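The values are calculated or read from the model by the stated rules, or taken from the named source; none is laboratory data. Because the structure is predicted, anything quoted here is derived from the model rather than measured. Here the Cβ positions follow ideal geometry from the backbone for every residue, glycine too, while neighbour counts run over all protein chains shown.
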């Protein structure tokens, strides 16, 4: 009964989405106010029914209803309840339902928070999002119905969730990532709506910008969590593999980074308009491409739950319609929204253009490396794989190129600035960081390391530039209001994100350069040295878990004769599937992680053991957190809230005008 | 007007320089860093290059895995049921590595025709087979009694 209720809700949501995609859009061209007014109601309606469907699937998982195919394939009566919950999206069908749920969540948010927008705009935005929902609901209903039953051959117990996915990180990683992925549909819908109306001005950018920043912030957090999960759960201690699935989420992020910056220019100065629209289209298209890559089973990965050519074809066609349709619309309408505002070569616009070019090129090189094997395979030209060396060779120089500009950008002026002023502002930070880079490059390893020196130089340059900017804003100018209030939310957010980026770069370079790693055989009472640390294997034992049994090894870690930690890595055998999983033990701190993982038993009383010393690896994720939260904070800026009340009056006038014209 | 044209020219120049630099980098990086996939039959037939990294995929021959008692050295055979190739690997094998299961090994061939692997990848869950392996095995069935390998 419960699964059928979910199935029916999903069908109702599909019908409502069809209405949302058609009626308000039609109304916006016919100046039919009643039809346009339906948009928010229909959007909320879709959300409610998708939410009911999602709740029904969740109930099926929690109540161990193994007559439902996905529950039988991905859960087990012994699975801890929290993982039964995350198992809802730990499979193809459920994760697609989560995709739609989050899309409808964004739709509801737009419907509720955009009452100040002109009615034609809001109805078109919601209609475009409704059409996207139609595509994904059809995909879910036609090819991947989560409510399919196994009757009458209902299994007694389930197959269990893939042990790799039985982890707290996986409870929040997919929802956060999807918040970002799907959130990019909002700027996309705004862009399409703007192309339809031909009204693409600063106020359009101001409406679109907070949504874009929030989506991009969630995407940053989702990617960060995925990297963290891979680090401690896959048992190799790697944090980024340039795996096609990682790239699938990274490409929208790179394009989104360009979009976030380009929107700033469009909002403040009214330039880069058609470029911004193009970026919005590409960013969401890359989200869809990512969904295609991950969901179609063309890739070898943890994320590829099932390979089914029919599903791949469906998304490919959908992708072609969305990308083709929006680019066609762009080709037809973009010239009418192009801008003619002048700016100098030495100006903030020009610097942000550098950002845009670098991130667009970075997206393209990652896209090339990701699609190359697929294209070669599709044309039967051989089975290739493109590995991390390619991506590092092309990506690292690009990021090094953009960092010098990151400091100059925020302090420079719009329209026209002078290099003399830049010199005056930044001479001191430049001198200080050059000295520090040389001094600290010996740090940690005792030998000069060029890459670490460069990383400190670039990251420090960004941080010191930002610090000087903050200091200047706090100390100069008129007295009166409390000083911290002079820093707007969008300035604070940008500052945090830039500092976070610097932290990621520094962490990435230091951990790549100074990681120490040993794979070796260890028996009880043996001692292994790694750098300044001694790892002693004290004893081996066994411990039962809820749905697995674990072999444990107890390590005592000491540094200069003092015991600093006891690490207990595990090797788990899951009962239902018989799968074996490595559970690494990590002693974490800001400056270094110590990482122990078990390989396989060798002989009677020894194990293959992997020991790792990873300096500053935490900086990657702390930096990622700063980037994500920084982006979220920008949306709190007062000017976005002020516009809600201020523009209500303007909106009415604009609506009058638009309706008048349409008649 | 003049400054607008000059600005456009500089922008175009910037785009050209940056994109050609990127294309150069991509071409350079692709040349050295792509690995071609070979099934065991091709390796035994001498079709695989010996001076560069390749990927070898197939099934781990049952009973062929020999682990050293003293170190992490392991030798196992990979088969596509037509031919088998020995793989030498020193290090920790992935959790899902097992005899009779699909595997992809990356490394170089040595003079004896064995693959010295730098990385061994096993599938991510038990119903899943790397697509390359599935393709390599397509149309080839395991003959009864013949286990291939040593």
Item to check | Candidate set: the stretch A:377-401, residues that are more than 9 Å from chain B (Cβ to nearest Cβ) and surrounded by fewer than 20 Cβ atoms within 10 Å (Cβ to Cβ); chosen: the one farthest from residue B:56 (Cα to Cα) | outcome: A:400
Next on the checklist: If residue B:36 meets every condition in (1) away from chain A (no Cβ under 14 Å); (2) buried (at least 16 other Cβ atoms within 10 Å of the Cβ) apart from one, which number is that one?
Outcome noted: (1)
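Results for (1) part of a helix (DSSP H, G or I); (2) surrounded by fewer than 14 Cβ atoms within 10 Å (Cβ to Cβ); (3) within 12 Å of chain A (Cβ to nearest Cβ), shown as yes or no for each residue.
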{"residue": "B:19", "(1), (2), (3)": "yes, no, yes"}
{"residue": "B:23", "(1), (2), (3)": "yes, no, yes"}
{"residue": "B:28", "(1), (2), (3)": "yes, yes, yes"}
{"residue": "B:31", "(1), (2), (3)": "yes, yes, yes"}
{"residue": "B:43", "(1), (2), (3)": "yes, no, no"}
{"residue": "B:51", "(1), (2), (3)": "no, yes, no"}
{"residue": "B:57", "(1), (2), (3)": "no, no, yes"}
{"residue": "B:69", "(1), (2), (3)": "no, yes, yes"}
Checklist outcome for this item: Expected single match for modelled with pLDDT of 75 or more, surrounded by fewer than 17 Cβ atoms within 10 Å (Cβ to Cβ), assigned to a helix (DSSP H, G or I) and more than 10 Å from chain B (Cβ to nearest Cβ) among A:288, A:374 is A:374
Next on the checklist: Please go through the stretch B:117-135 and give me each residue that is buried (at least 18 other Cβ atoms within 10 Å of the Cβ), modelled with pLDDT of 60 or more and not in a strand (DSSP E or B), ordered by number.
Outcome noted: B:123
Checklist entry - Does the stretch A:52-67 contain any residue that is at pLDDT 90 or above, closer than 30 Å to residue A:27 by Cα and in contact with a helix residue (DSSP H, G or I) (Cβ under 9 Å, 6 or more places away or on another chain)? => result yes
Next on the checklist: Looking only at strands (runs of 3 or more DSSP E) that lie completely in the stretch A:490-600, which have at least 2 residues being under 35 Å from the mean Cα position of the chain (by Cα) and within 14 Å of chain B (Cβ to nearest Cβ)?
Outcome noted: A:516-523, A:548-559, A:570-574, A:580-583
Next on the checklist: So, residue A:462, is that one surrounded by 15 or more Cβ atoms within 10 Å (Cβ to Cβ), under 32 Å from the mean Cα position of the chain (by Cα), away from chain B (no Cβ under 14 Å) and at pLDDT 85 or above or not?
Outcome noted: yes
Checklist outcome for this item: Going through the stretch A:408-442 in order, the residues found to be free of Cβ contacts under 8 Å to residues at least 12 places away in the same chain and either assigned to a helix (DSSP H, G or I) or crowded, with 16+ Cβ neighbours inside 10 Å (or both) are A:420, A:421, A:423, A:424, A:427, A:431, A:435, A:439
Checklist entry - Looking at the stretch B:66-76, is at least one residue within 15 Å of the chain's Cα centre (by Cα) and either more than 27 Å from residue A:368 (Cβ to Cβ) or free of Cβ contacts under 8 Å to residues at least 60 places away in the same chain (or both)? => result no
Checklist entry - Out of (1) within 22 Å of residue A:187 (Cα to Cα); (2) without any contact (Cβ under 8 Å) to a residue 24 or more places away in the chain; (3) in contact with a helix residue (DSSP H, G or I) (Cβ under 7 Å, 6 or more places away or on another chain), the odd one out for residue A:109 is which? => result (3)
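Given the structure, is residue A:68 surrounded by 24 or more Cβ atoms within 10 Å (Cβ to Cβ), in the same structural domain as residue A:147 (by TED's automatic domain parsing) and in contact with a strand residue (DSSP E or B) (Cβ under 8 Å, 6 or more places away or on another chain)?
yes
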Item to check | Output for the stretch B:76-116, where each listed residue is assigned to a loop (DSSP other than H, G, I, E, B) and surrounded by 23 or more Cβ atoms within 10 Å (Cβ to Cβ) | outcome: B:80, B:92
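This table checks each residue for (1) buried (at least 24 other Cβ atoms within 10 Å of the Cβ); (2) part of a helix (DSSP H, G or I).
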residue: A:164; (1), (2): no, yes
residue: A:176; (1), (2): no, yes
residue: A:181; (1), (2): yes, yes
residue: A:188; (1), (2): yes, yes
residue: A:192; (1), (2): yes, yes
residue: A:204; (1), (2): yes, yes
residue: A:215; (1), (2): yes, yes
residue: A:219; (1), (2): yes, yes
residue: A:235; (1), (2): no, no
Next on the checklist: Take residue A:91 and tell me if it is within 14 Å of chain B (Cβ to nearest Cβ) and farther than 30 Å from residue A:331 by Cα.
Outcome noted: yes
Checklist entry - Take the residues of the stretch A:382-407 that are free of Cβ contacts under 8 Å to residues at least 12 places away in the same chain and assigned to a loop (DSSP other than H, G, I, E, B): which is farthest from residue A:248 (Cα to Cα)? => result A:382
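Is it the case that the stretch A:617-637 has a residue that's in contact with a strand residue (DSSP E or B) (Cβ under 8 Å, 6 or more places away or on another chain) and either within 30 Å of residue A:239 (Cβ to Cβ) or modelled with pLDDT under 50 (or both)?
For the stretch A:617-637, residues in contact with a strand residue (DSSP E or B) (Cβ under 8 Å, 6 or more places away or on another chain) and either within 30 Å of residue A:239 (Cβ to Cβ) or modelled with pLDDT under 50 (or both): present.
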Next on the checklist: Condition first: touching a strand residue (DSSP E or B) at 6+ places or on another chain (Cβ under 6 Å) and either without any contact (Cβ under 8 Å) to a residue 40 or more places away in the chain or under 10 Å from residue B:85 (Cβ atoms) (or both). Now tell me which residues in the stretch B:41-56 satisfy that.
Outcome noted: B:43, B:48, B:56
